[in-house]
1. Can VAL184 be described as within 30 Å of LYS121 (Cβ to Cβ), within 17 Å of the chain's Cα centre (by Cα) and either surrounded by 14 or more Cβ atoms within 10 Å (Cβ to Cβ) or not acidic (Asp, Glu) (or both)?
2. For the stretch 1-26: of the residues being surrounded by 20 or more Cβ atoms within 10 Å (Cβ to Cβ) and out of contact with any helix residue (DSSP H, G or I) (no Cβ under 7 Å at 6 or more places or on another chain), which is nearest to TYR105 (Cα to Cα)?
3. Just to check your reading of the model, which residue among LYS192, LYS199, LYS248, LYS179 is at pLDDT 90 or above, surrounded by 17 or more Cβ atoms within 10 Å (Cβ to Cβ), farther than 30 Å from ASN155 by Cα and of a type in the set (D, E, K, R)?
4. How do the strands (runs of 3 or more DSSP E) wholly within the stretch 120-199 filter down when requiring 3 or more residues that are among the hydrophobic types (A, V, I, L, M, F, W, C): which remain?
5. Restricting attention to the stretch 87-136, which residues are without any contact (Cβ under 8 Å) to a residue 24 or more places away in the chain and of a type in the set (Ser, Thr, Tyr)?
6. If you go through the stretch 201-224, how many residues are touching a residue at least 24 places away in the same chain (Cβ under 8 Å) and part of a loop (DSSP other than H, G, I, E, B)?
7. Determine whether the stretch 40-47 contains at least one residue that is farther than 14 Å from ILE23 by Cα, crowded, with 18+ Cβ neighbours inside 10 Å and touching a residue at least 60 places away in the same chain (Cβ under 8 Å).
8. Determine, yes or no, whether LEU143 is under 26 Å from LYS111 (Cβ atoms), surrounded by 18 or more Cβ atoms within 10 Å (Cβ to Cβ) and either in contact with a helix residue (DSSP H, G or I) (Cβ under 9 Å, 6 or more places away or on another chain) or free of Cβ contacts under 8 Å to residues at least 24 places away in the same chain (or both).
Amino acid sequence: MKVCGFTFIRNAVKYDYPVEEAIKSVLPVCDSFVVAVGNSEDSTLELIKSINPDKIKIIETVWNDELREGGRVLAEETNKAFQAIDNCFDWCFYIQGDEVIHEKYLPVIRKSMEDNLNNSKVDGLLFKYMHFYGSYDYVGESLRWYRNEIRIVRNNKNIYSFRDAQGFRKDDNRMLKVKQVDAVVYHYGWVKDPRAMQKKQEDFNKLWHNDEWIEKNVVKSDQFDYSAIDVLKKFEDSHPVVMQDRIKRINWKFDYDLSCNRMRAKDKLKHFLEKFGISFGQYKNYKLVK
């Protein structure tokens with residue numbers, strides 16, 4: 001069994017993305033790794049080159065900054081990396097620049113790939129998600145956060161990144177058939193210095209909306225306001241080893257009143273029912289295979 005990881009990235013230094021940690025977190029189960037490095041305004045290319053030259057293949061790309069509809073350019077960049085993977089690989093492990101896998105999950109991930117290698121009914125593997133917010137001590141608890149996403153797919157070039165690169169489809173817009181993996185993706189996209197987060201929000205909205213929408217809807221500020229959140233819970237477990245140095249360098253303070261709950265009444269009911277295994281109304285871009 002041969003596995004190739006893949007991702008895309010642009011301006012990782014400018015926006016303080018933990019892309020180095022993301023790549024390193026999955027390298028132990030990858031034989032090779034493809035990174036599509038977009039035209040950046042910082043030292044992103046040099047950063048990626050420094051990680052593991054023996055395993056990492058870099059393709060330099062140019063983002064289509066005129067494509068400002070639904071984050072489609074993110075899917076385009078994902079597809080560039082995926083298409084660059086050699087046909088000799090069986091599985092392709094996708095990780096975004098703000099996602100990290102805890103080392104405790106690597107054995108179960110590898111076993112799941114091995115167990116399903118010859119099962120033609122399985123197009124990919126589905127991962128659970130944990131979304132950190134404000135700091136490394138809190139995670140999102142409400143229904144606004146997506147619960148699952150496909151992060152391993154077969155090396156089938158009929159598969160492609162869907163919409164804004166959140167999931168995958170194949171052939172003529174068909175959902176992938178996937179197996180659930182008992183592993184969690186740690187999503188750190190909402191944990192940054194408030195100044196870096198504000199700059200990211202202002203610039204990244206340009207991938208979805210025109211200038212008029214941004215002018216009306218994106219608050220102009222020096223720092224991002226982390227207080228505008230519905231409900232969080234305290235994170236009591238350990239972070240991945242590759243994240244430890246980054247966590248030690250944190251230079252801002254974020255405190256949250258755990259008794260605060262701004263969820264709407266119907267969302268509170270849905271959240272309560274989830275604790276008993278009852279869920280409905282969730283967006284699912286996949287078909288589970290038992």
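1. yes
2. Here the residue is VAL26.
3. LYS192
4. Result: 124-133, 148-154, 177-190.
5. The one that is without any contact (Cβ under 8 Å) to a residue 24 or more places away in the chain and of a type in the set (Ser, Thr, Tyr): SER120.
6. Looking only at that region, the number is 6.
7. No, every residue in the stretch 40-47 fails to be farther than 14 Å from ILE23 by Cα, crowded, with 18+ Cβ neighbours inside 10 Å and touching a residue at least 60 places away in the same chain (Cβ under 8 Å).
8. On the way: under 26 Å from LYS111 (Cβ atoms): no; surrounded by 18 or more Cβ atoms within 10 Å (Cβ to Cβ): yes; either in contact with a helix residue (DSSP H, G or I) (Cβ under 9 Å, 6 or more places away or on another chain) or free of Cβ contacts under 8 Å to residues at least 24 places away in the same chain (or both): yes.
Taking the combined requirement at face value, the residue does not satisfy it.
The values are calculated or read from the model by the stated rules, or taken from the named source; none is laboratory data. Since we're looking at a predicted model, the values are computed, not measured. Please note: Cβ atoms are built from the backbone with ideal geometry, for glycine as well, and neighbour counts cover all protein chains shown.
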